[in-house]
Amino acid sequence: MALVRDRAAPMLDKADQLHELLKAQARIQFQSGAGAGEVRSWQNSLPPLLKDLDEAGLGHVEELLEHKLPFSPKRADVVICGVHPKTRRPSMSSSS
């Protein structure tokens, strides 16, 4: 389960408001609020990440933001899902 799930290009269009959406979704999905430091981190890191993905030609790939790991209280900051450009096989990368 991710707090926000969408392709990079549409998220880039709303990058300046994503931290507020994540904050609201954390309250709803995780029944807990996000701390000021976490919200500030989202605000500072997500716009450059989405811009880099778009500039790399990956605006079509899907990102799962703050994806809760199964059977764990931990979350991956971002999971990037798509297909390998040469093999067209499913590909996935994460950052935490």
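Once backbone amide H atoms are built at 1.01 Å from N, Arg7 has Glu63 as its partners under 5 Å, excluding neighbours fewer than 5 places away on the same chain.
Please state the shape class of the chain: rounded when a/c is under 1.5, otherwise prolate if a/b exceeds b/c and oblate if not, all from the C-alpha gyration tensor. Oblate is the answer for the chain, as a/c is 1.5 or above yet b/c matches or exceeds a/b. Annotation: lysines with alpha-carbon distance below 18 angstrom to Lys51 (same-chain offsets under eight excluded): Lys14. Residues of segment 42-77 with an amide N closer than 19 Å to a point placed 7 Å from the Cα of Thr87 along the Cα-to-Cβ direction: 61-62. 3J(HN,Hα) along segment 55-64: 5, 7, x, 10, x, 8, 7, 9, 10, 10 Hz, from the Karplus curve 6.51 cos²θ - 1.76 cosθ + 1.60 with θ = phi - 60°, whole Hz, x for Gly and Pro.
Computed from backbone phi with θ = phi - 60° and the Karplus coefficients 6.51, -1.76 and 1.60, the 3J(HN,Hα) list for segment 9-23 is 4, x, 5, 4, 4, 10, 4, 6, 10, 4, 4, 5, 5, 4, 4 Hz; x is used for glycine and proline.
From helices alone, the chain scores -12500 deg cm²/dmol at 222 nm; the rule is -39500 (n - 2.57) for each run of n ≥ 4 DSSP H residues, then divide by the residue total. Couplings 3J(HN,Hα) of segment 74-89, computed from phi: 7, 10, 8, 4, 9, 10, 9, 10, x, 10, 5, x, 9, 8, 6, 8 Hz, in residue order, whole Hz [Karplus 6.51 cos²θ - 1.76 cosθ + 1.60, θ = phi - 60°; x for Gly and Pro].
No lab work stands behind these numbers, since they all come straight from the coordinates. Please read all numbers here as calculations on a predicted model, not as lab measurements. Heads up, the Cβs are rebuilt from the backbone with ideal geometry, glycines too, and the neighbour counts pull from every protein chain shown.
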